[in-house]
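Asks: I'd like to ask you about the structure that follows.
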Amino acid sequence: MTRLADQAARDRIRDDLDTTLVVEAASGTGKTTELVTRMVSLLKAGRAELDHMVAVTFTDAAAGELKLRLRGAIEDARRDADCPADARQRLDAALPQLAIAPQDAIVIATRGHRHDAAILERVARSSAGYVGLLGSRRKQAVIARALQQAGVPAEALQRVRVPVGLAIGAETPEEIAVSVAAELIAWRRRAR
């Protein structure tokens, strides 16, 4: 395999955890991958906490991409069977620090009303640009009634899309997934 011209810099970003680094990278250079790996390594090793790390991006899209990739990498590291319990605890503590932002889309798709309601209660008032609930309008009414009784403002619940997905006549789980993905793509394109 051909070694990249900047491989030494990539290796340092990923592995030199004792040094504070400034990483300058252009779109598509692959350095974000190394930066995310570094951040997860620092968290796992207990050498830094997420709220003490700084990553500067120049667009909302880049910030959203970095956060999405970091969240995914933290989730993957947490699920790794070889991840020590103390490292898993540090990763668990980091996840809530990844604040929900206007460029985020949240689709709630759990096994039951109770779980849906618990998640919706947490995200209804968030700054997420898109909040959707997989299910019927009846499910929405039942959950909304319960959450309003629990003190969630009606305005926060009115912005929740139910059912999620573009109206394409989807019936199978695969078709429903396509309709949800299509709606999210349409939302993301309009949000730009």
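Asks: Working only within region 57-69, note down all residues that are touching a residue at least 40 places away in the same chain (Cβ under 8 Å), open to solvent by 40 Å² or more (accessible area, probe 1.4 Å) and not charged (D, E, K, R). First the steps, then the outcome.
Replies: Let us first name the residues in region 57-69 that are touching a residue at least 40 places away in the same chain (Cβ under 8 Å), namely 60-61, 63-64.
Those still in the list that are open to solvent by 40 Å² or more (accessible area, probe 1.4 Å) too: 60-61.
Result: ALA61, single match.
Asks: Take the residues in region 135-151 that are of a type in the set (A, V, I, L, M, F, W, C), open to solvent by 30 Å² or more (accessible area, probe 1.4 Å) and part of a helix (DSSP H, G or I); name whichever of them is nearest to LEU166 (Cα to Cα).
Replies: Residues of region 135-151 of a type in the set (A, V, I, L, M, F, W, C): 141-144, 146-147, 150.
Applying the additional criterion that residues be open to solvent by 30 Å² or more (accessible area, probe 1.4 Å) yields 141-142, 146, 150.
Right, trim to part of a helix (DSSP H, G or I) and you get 141-142, 146.
Numbers: ALA141: 20, VAL142: 23, ALA146: 27 Å.
The qualifying residue nearest to LEU166 (Cα to Cα) is ALA141.
Asks: Can you confirm whether ILE119 is part of a strand (DSSP E or B) and touching a Ser or Thr at 6+ places or on another chain (Cβ under 8 Å)? First the steps, then the outcome.
Replies: Working: part of a strand (DSSP E or B): no; touching a Ser or Thr at 6+ places or on another chain (Cβ under 8 Å): yes.
For ILE119, the condition - part of a strand (DSSP E or B) and touching a Ser or Thr at 6+ places or on another chain (Cβ under 8 Å) - is not met.
Asks: Still on this structure, please answer the following. Considering only residues that are over 28 Å from the mean Cα position of the chain (by Cα) and closer than 13 Å to GLU34 by Cα, look in region 1-10 and name the one that is most open to solvent (accessible area, probe 1.4 Å). Break it down into steps so the answer makes sense when it comes.
Replies: Initial filter on region 1-10 (over 28 Å from the mean Cα position of the chain (by Cα)): 1-8.
Next, from what is left, pick out any that are closer than 13 Å to GLU34 by Cα: 6-8.
Values: ASP6: 43, GLN7: 37, ALA8: 69 Å².
For region 1-10, the residue satisfying everything is ALA8.
Asks: Scan region 24-56 for residues that are part of a loop (DSSP other than H, G, I, E, B), of a type outside the set (Gly, Ala, Ser), open to solvent by 50 Å² or more (accessible area, probe 1.4 Å) and closer than 22 Å to ASP76 by Cβ and jot them down.
Replies: ARG47, GLU49
Asks: Another one. Filter region 110-134 down to residues that are under 21 Å from ALA182 (Cα atoms), open to solvent by 30 Å² or more (accessible area, probe 1.4 Å) and either hydroxyl-bearing (Ser, Thr, Tyr) or without any contact (Cβ under 8 Å) to a residue 60 or more places away in the chain (or both), then give me how many there are. Full working, then the answer.
Replies: First pass over region 110-134, keeping only residues under 21 Å from ALA182 (Cα atoms): 110, 128-134.
Checking which are open to solvent by 30 Å² or more (accessible area, probe 1.4 Å) leaves us with 110, 129, 134.
From the residues that got through so far, the ones that are either hydroxyl-bearing (Ser, Thr, Tyr) or without any contact (Cβ under 8 Å) to a residue 60 or more places away in the chain (or both) too are 110, 134.
Count: 2.
Asks: Report, by residue number, each residue of region 164-178 that is within 19 Å of ARG111 (Cα to Cα) and assigned to a helix (DSSP H, G or I).
Replies: From region 164-178, those within 19 Å of ARG111 (Cα to Cα) are 164-165, 171-177; that's our starting set.
PRO173, GLU174, GLU175, ILE176, ALA177, listed by residue number.
Asks: Scanning region 153-192 for residues that are surrounded by 11 or more Cβ atoms within 10 Å (Cβ to Cβ), more than 14 Å from TYR130 (Cα to Cα) and of a type in the set (Gly, Ala, Ser), which turns out nearest to the chain's Cα centre (by Cα)?
Replies: ALA177
Asks: Let me ask you something else. Does ILE13 count as among the β-branched types (Val, Ile, Thr), closer than 23 Å to VAL123 by Cα, free of Cβ contacts under 8 Å to residues at least 60 places away in the same chain and open to solvent by less than 30 Å² (accessible area, probe 1.4 Å)? Talk me through it step by step, then tell me what you get.
Replies: Details: among the β-branched types (Val, Ile, Thr): yes; closer than 23 Å to VAL123 by Cα: no; free of Cβ contacts under 8 Å to residues at least 60 places away in the same chain: yes; open to solvent by less than 30 Å² (accessible area, probe 1.4 Å): yes.
In short, no.
The values are calculated or read from the model by the stated rules, or taken from the named source; none is laboratory data. If you're wondering where the values come from, they're calculated on a predicted model, not measured in any experiment. Here Cβ is always computed from backbone atoms with ideal geometry, including for glycine, and neighbour counts include all displayed protein chains. Just the protein is used for accessible areas: all its heavy atoms, side chains included, with ligands, DNA and RNA removed. Shrake-Rupley method; radii C 1.70, N 1.55, O 1.52, S 1.80 Å.
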